[in-house]
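K.L.:
One structure, as C-alpha coordinates, below. Some questions next.
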(Lines give C-alpha, C1' and ligand atoms only; values in the text may rest on other atoms or scores of the structure.)
Protein backbone atom coordinates (compact mmCIF):
# COMPACT_ATOMS: atom_id res chain seq x y z
CA UNK A 1 0.00 0.00 0.00
CA UNK A 2 1.37 3.40 -0.96
CA UNK A 3 1.08 6.29 1.53
CA UNK A 4 -0.95 8.22 -1.04
CA UNK A 5 -3.58 5.48 -0.77
CA UNK A 6 -4.10 5.97 2.97
CA UNK A 7 -7.64 7.19 3.53
CA UNK A 8 -7.33 7.75 7.28
CA UNK A 9 -6.84 10.86 9.41
CA UNK A 10 -6.37 10.79 13.19
CA UNK A 11 -6.92 13.35 15.93
CA UNK A 12 -5.06 12.20 19.03
CA UNK A 13 -6.06 13.80 22.32
CA UNK A 14 -4.67 14.12 25.80
CA UNK A 15 -7.46 14.11 28.41
CA UNK A 16 -6.95 16.00 31.68
CA UNK A 17 -6.95 19.79 31.12
CA UNK A 18 -7.37 19.15 27.40
CA UNK A 19 -10.90 17.76 27.23
CA UNK A 20 -11.93 18.42 30.85
CA UNK A 21 -11.07 21.46 33.02
CA UNK A 22 -9.16 19.60 35.73
CA UNK A 23 -8.16 16.08 36.69
CA UNK A 24 -10.50 13.16 36.15
CA UNK A 25 -10.02 11.77 39.67
CA UNK A 26 -12.11 14.59 41.18
CA UNK A 27 -15.43 12.60 41.22
CA UNK A 28 -13.56 9.77 42.94
CA UNK A 29 -12.47 12.01 45.82
CA UNK A 30 -15.93 13.53 46.13
CA UNK A 31 -17.71 10.17 46.17
CA UNK A 32 -15.46 8.73 48.88
CA UNK A 33 -15.17 12.01 50.85
CA UNK A 34 -11.38 12.03 50.51
CA UNK A 35 -9.44 15.30 50.67
CA UNK A 36 -8.19 15.72 47.09
CA UNK A 37 -5.50 18.29 47.92
CA UNK A 38 -4.14 16.14 50.74
CA UNK A 39 -3.97 13.09 48.46
CA UNK A 40 -1.91 14.91 45.82
CA UNK A 41 0.35 16.46 48.47
CA UNK A 42 1.06 12.95 49.75
CA UNK A 43 1.80 11.76 46.22
CA UNK A 44 4.18 14.68 45.75
CA UNK A 45 6.09 13.77 48.91
CA UNK A 46 6.39 10.04 48.22
CA UNK A 47 9.44 10.32 46.00
CA UNK A 48 11.54 11.92 48.74
CA UNK A 49 10.25 9.47 51.35
CA UNK A 50 11.35 6.49 49.28
CA UNK A 51 14.58 8.23 48.30
CA UNK A 52 15.51 8.45 51.98
CA UNK A 53 14.88 4.71 52.15
CA UNK A 54 17.25 4.31 49.19
CA UNK A 55 14.44 3.05 46.96
CA UNK A 56 14.33 4.22 43.36
CA UNK A 57 10.82 4.87 42.14
CA UNK A 58 9.14 5.71 38.85
CA UNK A 59 7.37 9.02 39.38
CA UNK A 60 4.34 8.20 37.26
CA UNK A 61 3.67 5.02 39.24
CA UNK A 62 3.41 6.84 42.54
CA UNK A 63 -0.13 8.14 42.26
CA UNK A 64 -1.43 4.77 41.04
CA UNK A 65 0.27 2.92 43.89
CA UNK A 66 -0.96 5.46 46.43
CA UNK A 67 -4.48 5.08 45.07
CA UNK A 68 -4.20 1.30 45.61
CA UNK A 69 -2.95 1.95 49.15
CA UNK A 70 -6.13 3.96 49.76
CA UNK A 71 -8.15 0.98 48.52
CA UNK A 72 -6.27 -1.49 50.70
CA UNK A 73 -6.36 0.61 53.88
CA UNK A 74 -9.94 1.80 53.67
CA UNK A 75 -10.56 5.29 52.23
CA UNK A 76 -11.35 3.83 48.77
CA UNK A 77 -12.66 0.50 50.03
CA UNK A 78 -14.70 -1.31 47.36
CA UNK A 79 -13.32 0.64 44.42
CA UNK A 80 -13.32 -1.48 41.28
CA UNK A 81 -13.29 -1.01 37.52
CA UNK A 82 -17.07 -0.93 37.32
CA UNK A 83 -17.18 1.88 39.88
CA UNK A 84 -14.48 3.80 38.00
CA UNK A 85 -16.54 3.57 34.83
CA UNK A 86 -19.62 4.84 36.67
CA UNK A 87 -17.63 7.79 38.05
CA UNK A 88 -16.50 8.62 34.52
CA UNK A 89 -20.09 9.50 33.66
CA UNK A 90 -19.83 12.44 36.10
CA UNK A 91 -16.98 14.14 34.24
CA UNK A 92 -17.72 17.60 32.85
CA UNK A 93 -16.14 18.54 29.53
CA UNK A 94 -15.07 21.85 28.05
CA UNK A 95 -17.61 23.79 26.00
CA UNK A 96 -18.34 22.27 22.61
CA UNK A 97 -17.59 18.67 23.57
CA UNK A 98 -18.39 15.97 22.63
CA UNK A 99 -20.22 17.53 19.66
CA UNK A 100 -16.94 18.79 18.19
CA UNK A 101 -15.63 15.24 17.79
CA UNK A 102 -18.51 14.45 15.44
CA UNK A 103 -18.06 17.79 13.66
CA UNK A 104 -14.49 16.84 12.72
CA UNK A 105 -15.62 13.42 11.49
CA UNK A 106 -18.37 14.99 9.38
CA UNK A 107 -15.94 17.39 7.70
CA UNK A 108 -14.12 14.39 6.26
CA UNK A 109 -16.81 11.77 5.91
CA UNK A 110 -19.78 13.85 4.70
CA UNK A 111 -17.95 16.08 2.24
CA UNK A 112 -18.76 15.29 -1.39
CA UNK A 113 -15.14 15.80 -2.44
CA UNK A 114 -13.61 13.76 0.38
CA UNK A 115 -16.45 11.25 0.44
CA UNK A 116 -15.73 10.06 -3.09
CA UNK A 117 -12.32 8.97 -1.82
CA UNK A 118 -13.85 7.24 1.24
CA UNK A 119 -11.77 9.31 3.67
CA UNK A 120 -12.31 8.68 7.36
CA UNK A 121 -11.28 10.47 10.57
CA UNK A 122 -10.60 8.60 13.82
CA UNK A 123 -10.30 10.00 17.36
CA UNK A 124 -7.93 8.52 19.95
CA UNK A 125 -7.29 9.44 23.60
CA UNK A 126 -3.87 8.73 25.12
CA UNK A 127 -3.84 9.64 28.81
CA UNK A 128 -1.89 9.11 31.99
CA UNK A 129 -5.28 9.04 33.69
CA UNK A 130 -7.62 6.10 34.28
CA UNK A 131 -8.88 4.34 31.18
CA UNK A 132 -12.05 3.03 32.83
CA UNK A 133 -13.17 6.54 33.78
CA UNK A 134 -12.66 7.70 30.20
CA UNK A 135 -14.65 4.69 28.94
CA UNK A 136 -17.52 5.69 31.22
CA UNK A 137 -17.53 9.32 30.13
CA UNK A 138 -19.88 10.88 27.62
CA UNK A 139 -17.10 11.32 25.07
CA UNK A 140 -16.30 7.59 24.85
CA UNK A 141 -18.92 6.79 22.15
CA UNK A 142 -17.21 9.30 19.85
CA UNK A 143 -13.72 7.78 20.27
CA UNK A 144 -12.09 5.01 18.23
CA UNK A 145 -9.53 4.02 20.85
CA UNK A 146 -8.66 4.78 24.49
CA UNK A 147 -5.22 4.26 26.00
CA UNK A 148 -4.88 4.91 29.73
CA UNK A 149 -3.78 3.40 33.04
CA UNK A 150 -5.50 0.11 33.92
CA UNK A 151 -6.03 -1.95 37.07
CA UNK A 152 -6.36 -5.67 37.77
CA UNK A 153 -9.04 -6.61 40.28
CA UNK A 154 -8.33 -10.29 40.92
CA UNK A 155 -4.70 -11.26 40.29
CA UNK A 156 -4.01 -14.89 39.50
CA UNK A 157 -2.64 -16.79 42.51
CA UNK A 158 0.36 -19.15 42.49
CA UNK A 159 -0.60 -22.46 40.89
CA UNK A 160 -3.50 -21.01 38.90
CA UNK A 161 -2.42 -22.91 35.77
CA UNK A 162 -3.26 -26.19 37.54
CA UNK A 163 -6.54 -25.01 39.01
CA UNK A 164 -9.96 -24.04 37.74
CA UNK A 165 -10.35 -20.26 37.68
CA UNK A 166 -13.48 -19.41 39.59
CA UNK A 167 -15.71 -16.52 38.58
CA UNK A 168 -16.10 -13.84 41.24
CA UNK A 169 -19.08 -11.57 41.75
CA UNK A 170 -17.95 -8.22 40.31
CA UNK A 171 -19.68 -6.32 43.12
CA UNK A 172 -17.19 -7.76 45.61
CA UNK A 173 -14.08 -7.01 43.57
CA UNK A 174 -11.54 -4.32 44.27
CA UNK A 175 -8.68 -3.05 42.15
CA UNK A 176 -5.48 -4.50 43.58
CA UNK A 177 -2.70 -4.35 40.98
CA UNK A 178 -1.58 -2.06 38.17
CA UNK A 179 -2.16 -3.59 34.74
CA UNK A 180 -0.82 -0.74 32.63
CA UNK A 181 0.76 2.61 33.34
CA UNK A 182 1.14 5.37 30.76
CA UNK A 183 3.63 8.13 31.40
CA UNK A 184 4.59 11.05 29.18
CA UNK A 185 7.18 9.08 27.20
CA UNK A 186 5.07 5.89 27.06
CA UNK A 187 2.45 7.88 25.16
CA UNK A 188 4.73 7.78 22.12
CA UNK A 189 4.48 3.98 22.05
CA UNK A 190 0.73 4.19 21.56
CA UNK A 191 1.19 6.86 18.93
CA UNK A 192 3.15 4.30 16.91
CA UNK A 193 0.56 1.61 17.62
CA UNK A 194 -2.00 3.86 15.93
CA UNK A 195 0.47 4.75 13.19
CA UNK A 196 1.26 1.10 12.36
CA UNK A 197 -2.24 -0.25 12.99
CA UNK A 198 -1.24 -2.45 15.93
CA UNK A 199 -4.42 -1.36 17.73
CA UNK A 200 -6.49 -2.77 14.87
CA UNK A 201 -4.40 -5.84 14.03
CA UNK A 202 -3.32 -7.79 17.11
CA UNK A 203 -0.82 -9.88 15.14
CA UNK A 204 1.36 -6.81 14.52
CA UNK A 205 4.21 -5.91 16.89
CA UNK A 206 4.69 -2.21 17.60
CA UNK A 207 8.47 -2.77 17.60
CA UNK A 208 8.51 -4.55 14.25
CA UNK A 209 10.13 -2.75 11.34
CA UNK A 210 7.55 -1.47 8.86
CA UNK A 211 7.86 0.56 5.67
CA UNK A 212 6.19 3.96 5.79
CA UNK A 213 3.86 3.02 2.93
CA UNK A 214 2.55 0.04 4.92
CA UNK A 215 1.56 2.03 8.01
CA UNK A 216 -2.17 2.37 8.62
CA UNK A 217 -2.24 6.10 9.44
CA UNK A 218 0.81 8.16 8.40
CA UNK A 219 1.86 10.59 11.13
CA UNK A 220 1.58 13.42 8.60
CA UNK A 221 -2.18 12.64 8.64
CA UNK A 222 -2.38 13.20 12.41
CA UNK A 223 -3.03 16.11 14.77
CA UNK A 224 -2.05 15.87 18.45
CA UNK A 225 -3.94 18.09 20.92
CA UNK A 226 -2.74 18.45 24.51
CA UNK A 227 -2.40 20.99 27.29
CA UNK A 228 1.22 21.62 28.13
CA UNK A 229 4.88 20.95 28.86
CA UNK A 230 4.38 17.35 30.00
CA UNK A 231 3.40 16.50 26.42
CA UNK A 232 6.74 17.58 24.92
CA UNK A 233 7.78 13.99 23.98
CA UNK A 234 4.61 13.59 21.91
CA UNK A 235 4.89 17.07 20.44
CA UNK A 236 8.48 16.33 19.39
CA UNK A 237 7.67 13.04 17.68
CA UNK A 238 4.71 14.53 15.87
CA UNK A 239 6.57 17.63 14.68
CA UNK A 240 9.62 15.63 13.64
CA UNK A 241 7.57 13.30 11.45
CA UNK A 242 5.29 15.78 9.73
CA UNK A 243 2.28 15.73 12.05
CA UNK A 244 0.47 18.76 13.42
CA UNK A 245 0.48 19.83 17.08
CA UNK A 246 -1.90 22.08 18.97
CA UNK A 247 -1.77 23.14 22.63
CA UNK A 248 -4.81 24.19 24.64
CA UNK A 249 -5.19 26.14 27.86
CA UNK A 250 -8.05 26.87 30.22
CA UNK A 251 -9.72 30.02 28.84
CA UNK A 252 -9.30 31.80 32.21
CA UNK A 253 -5.82 30.60 33.17
CA UNK A 254 -3.04 33.06 32.33
CA UNK A 255 -0.30 30.71 33.52
CA UNK A 256 -1.44 27.98 31.14
CA UNK A 257 -1.67 30.58 28.37
CA UNK A 258 1.97 31.55 29.01
CA UNK A 259 3.03 27.89 28.97
CA UNK A 260 1.36 27.40 25.60
CA UNK A 261 3.07 30.52 24.27
CA UNK A 262 6.45 29.17 25.39
CA UNK A 263 5.71 25.91 23.56
CA UNK A 264 5.01 27.87 20.40
CA UNK A 265 8.17 29.97 20.71
CA UNK A 266 10.29 26.84 21.19
CA UNK A 267 8.78 25.24 18.11
CA UNK A 268 7.03 22.46 20.01
CA UNK A 269 3.55 23.28 18.70
CA UNK A 270 2.13 24.71 15.50
CA UNK A 271 -0.48 26.80 17.30
CA UNK A 272 -2.35 27.12 20.60
CA UNK A 273 -5.72 28.33 21.80
CA UNK A 274 -8.33 28.13 24.55
CA UNK A 275 -9.93 24.78 25.38
CA UNK A 276 -13.15 26.02 23.84
CA UNK A 277 -14.45 23.78 21.07
CA UNK A 278 -17.52 25.78 20.09
CA UNK A 279 -17.97 27.14 16.56
CA UNK A 280 -16.16 30.45 16.12
CA UNK A 281 -13.42 29.86 18.68
CA UNK A 282 -9.79 29.97 17.54
CA UNK A 283 -9.38 26.31 18.50
CA UNK A 284 -12.45 25.27 16.53
CA UNK A 285 -11.33 27.21 13.45
CA UNK A 286 -7.71 25.99 13.52
CA UNK A 287 -8.54 22.32 13.99
CA UNK A 288 -11.32 22.24 11.39
CA UNK A 289 -9.10 24.09 8.90
CA UNK A 290 -6.20 21.67 9.33
CA UNK A 291 -8.40 18.59 9.18
CA UNK A 292 -9.61 19.92 5.84
CA UNK A 293 -6.03 20.60 4.72
CA UNK A 294 -4.93 17.07 5.57
CA UNK A 295 -7.94 15.62 3.75
CA UNK A 296 -7.27 17.82 0.71
CA UNK A 297 -3.63 16.72 0.73
CA UNK A 298 -4.68 13.07 0.66
CA UNK A 299 -7.08 13.69 -2.23
CA UNK A 300 -4.52 15.64 -4.25
CA UNK A 301 -1.86 12.97 -3.71
CA UNK A 302 -4.27 10.28 -4.85
CA UNK A 303 -5.36 12.22 -7.93
CA UNK A 304 -1.75 12.97 -8.83
CA UNK A 305 -0.79 9.32 -8.46
CA UNK A 306 -3.74 8.27 -10.59
CA UNK A 307 -2.84 10.74 -13.34
CA UNK A 308 0.74 9.51 -13.39
CA UNK A 309 -0.51 5.97 -14.04
CA UNK A 310 -3.00 6.83 -16.76
CA UNK A 311 -1.71 6.65 -20.35
CA UNK A 312 -3.35 8.85 -22.93
CA UNK A 313 -5.29 6.84 -25.56
CA UNK A 314 -4.00 6.98 -29.16
CA UNK A 315 -5.28 9.87 -31.28
CA UNK A 316 -6.17 9.66 -34.97
CA UNK A 317 -4.07 12.75 -35.48
CA UNK A 318 -1.09 10.90 -34.13
CA UNK A 319 1.11 9.62 -36.99
CA UNK A 320 2.09 6.52 -35.02
CA UNK A 321 -1.58 5.74 -34.50
CA UNK A 322 -2.28 5.98 -38.25
CA UNK A 323 0.63 3.63 -38.97
CA UNK A 324 -0.74 1.23 -36.38
CA UNK A 325 -4.19 1.26 -37.99
CA UNK A 326 -2.66 0.64 -41.44
CA UNK A 327 -0.87 -2.40 -40.05
CA UNK A 328 -4.18 -3.72 -38.73
CA UNK A 329 -5.79 -3.23 -42.20
CA UNK A 330 -2.96 -5.13 -43.91
CA UNK A 331 -3.22 -7.94 -41.41
CA UNK A 332 -6.97 -8.30 -41.95
CA UNK A 333 -6.87 -8.06 -45.80
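K.L.:
Among the residues of segment 233-244, is any within 26 Å of residue 113 (Cα to Cα), assigned to a strand (DSSP E or B) and modelled with pLDDT of 95 or more?
P.N.:
Our first condition is that a residue be within 26 Å of residue 113 (Cα to Cα); within segment 233-244, this holds for 242-244.
This time we only want the ones that are assigned to a strand (DSSP E or B), so: 244.
Now drop any that are not modelled with pLDDT of 95 or more, which leaves 244.
Among the residues of segment 233-244, at least one is within 26 Å of residue 113 (Cα to Cα), assigned to a strand (DSSP E or B) and modelled with pLDDT of 95 or more, which makes the answer yes.
K.L.:
Next up: Would it be correct to say that residue 15 is farther than 30 Å from residue 221 by Cβ, surrounded by 18 or more Cβ atoms within 10 Å (Cβ to Cβ) and within 29 Å of the chain's Cα centre (by Cα)?
P.N.:
Considered against the rule, which asks whether it is farther than 30 Å from residue 221 by Cβ, surrounded by 18 or more Cβ atoms within 10 Å (Cβ to Cβ) and within 29 Å of the chain's Cα centre (by Cα), residue 15 comes out as no.
K.L.:
Would segment 159-172 turn up any residue that is within 21 Å of the chain's Cα centre (by Cα) and on the phi < 0 side of the Ramachandran plot?
P.N.:
Of the residues in segment 159-172, the ones within 21 Å of the chain's Cα centre (by Cα) are none.
No; the residues of segment 159-172 include none that is within 21 Å of the chain's Cα centre (by Cα) and on the phi < 0 side of the Ramachandran plot.
K.L.:
Filter the helices (runs of 4 or more DSSP H) completely within segment 110-218 down to those with at least 1 residues that are at pLDDT below 95.
P.N.:
Per the criteria, 112-115, 187-196.
K.L.:
Would you mind telling me which numbered condition in (1) under 30 Å from residue 213 (Cα atoms); (2) touching a helix residue (DSSP H, G or I) at 6+ places or on another chain (Cβ under 7 Å) residue 13 fails?
P.N.:
(2)
K.L.:
Looking at 139, 225, 219, 178, can you tell me which residue is crowded, with 21+ Cβ neighbours inside 10 Å, out of contact with any strand residue (DSSP E or B) (no Cβ under 6 Å at 6 or more places or on another chain) and touching a residue at least 40 places away in the same chain (Cβ under 8 Å)?
P.N.:
Unique residue meeting the criteria: 139.
K.L.:
A further question on this structure: Select from segment 51-83 the residues that are farther than 19 Å from residue 230 by Cβ and in a loop (DSSP other than H, G, I, E, B) and list them in ascending order.
P.N.:
Hits for segment 51-83 are 53, 54, 55, 56, 74, 75, 76, 77, 78, 79, 80.
K.L.:
Additional query: Being assigned to a helix (DSSP H, G or I), within 30 Å of residue 287 (Cα to Cα) and over 21 Å from the mean Cα position of the chain (by Cα) is the filter here; which residues of segment 84-101 pass it?
P.N.:
Quick first cut of segment 84-101, residues assigned to a helix (DSSP H, G or I) only: 84-88, 99-101.
Narrowing the set further to residues that are within 30 Å of residue 287 (Cα to Cα) leaves 85, 87-88, 99-101.
Listed by number, the list holds a single entry, 87.
K.L.:
Which is surrounded by 13 or more Cβ atoms within 10 Å (Cβ to Cβ), over 30 Å from residue 59 (Cβ atoms), modelled with pLDDT of 95 or more and over 17 Å from the mean Cα position of the chain (by Cα), of 261, 276, 270?
P.N.:
After applying the criteria, what remains is 276.
The values are calculated or read from the model by the stated rules, or taken from the named source; none is laboratory data. Keep in mind that this is a model prediction, so the values were computed, not measured. No Cβ is skipped: glycine too gets one built from the backbone with ideal geometry, and neighbour counts run over all protein chains shown.
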